[in-house]
Amino acid sequence: MRHRYLTCGLLLLLLLAVSAPASAHIGPPFPIIENQKVGPCVIALWTHPDIGTGAFYVMVDPQPGSDICSNLKVKIGVKPESGRLPEVFYNAERDDVRGQIQYKAFADFDRDEWWRVHLVIESSKGNGEVFSRVEATPTVLGRFGLVFFLSPFLAVAFLWYRGVSRTRKRRKKRVQEIQAPGT
């Protein structure tokens with residue numbers, strides 16, 4: 001029996017050691033463009049490109065010696081690099097965060113592949129555009145992620161319940177033995 005557990009443990013350790021790292025993006029957004037002059041602004045573009053709905057965050061700073069005009073409009077266009085779909089633009093909404101001017105847009109990604117990102121800035125002080133690329137990645141485990149991450153807690157709950165049940169059975173058995181000695 002002990003030999004069997006040792007074999008299973010070594011096999012599990014071997015599988016973990018040989019497994020390849022996942023390429024999915026988990027965590028906070030990451031930059032794909034930083035400190036680049038686009039039209040009348042200096043921008044940074046950060047993204048969280050999950051399959052389904054991906055998020056884009058555009059941080060806008062004025063060029064030295066100027067300010068951001070109030071009629072600034074930001075659009076994000078996405079298109080698969082394979083060319084299987086046409087480019088679709090999404091309007092970004094202004095979001096003032098801690099004194100930083102930021103625009104936020106959500107784009108639809110339907111597959112795990114490389115996408116061309118097209119950032120367009122329009123204002124009365126000038127227009128500009130810049131291109132980048134990003135790989136849309138699946139969320140952690142899709143719809144099975146909750147079950148996967150919940151499983152250790154369910155296992156602990158099961159083991160606790162099993163231990164409590166065995167303890168109750170032992171106590172009940174002792175009480176019966178005390179109540180009926182010599183039977």
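Every number in this text was worked out from the coordinates using simple rules, so none of it is lab data. From a predicted model like this one, the values you see are computed outputs, not experimental measurements. Reconstructed Cβ throughout: ideal geometry from the backbone, glycine too, with neighbour counts over all protein chains shown.
First select every other residue whose beta carbon is under 11 angstrom from the beta carbon of residue 82; then total the charges, Lys and Arg +1, Asp and Glu -1. Around residue 82, the surrounding residues sum to +2. Separation of segment 145-183 from segment 98-118 is 51 Å, based on Cα centroids. Among 41, 69, the ranking by other beta carbons within 10 Å of each residue's beta carbon, starting with the fewest, stands as 69, 41.
Using the beta-carbon distance between residue 66 and residue 131 and R0 = 41 Å, what value does 1/(1 + (r/R0)^6) give for FRET efficiency, to the nearest 0.05? Step by step, r from the Cβ atoms, then E = 0.95.
Sequentially through segment 156-167, phi angles give Karplus couplings (6.51, -1.76, 1.60; θ = phi - 60°) of 5, 4, 5, 5, 5, 4, 4, x, 5, 4, 5, 5 Hz, Gly and Pro residues having no value and appearing as x. Summing +1 for each Lys or Arg and -1 for each Asp or Glu among the other residues whose beta-carbon sits under 13 angstrom from that of residue 105 gives +1.
Of all lysines in the structure, those lying under 20 Å Cα to Cα from residue 37, and not within fewer than 8 positions of it along the same chain, are 73, 75, 104, 125.
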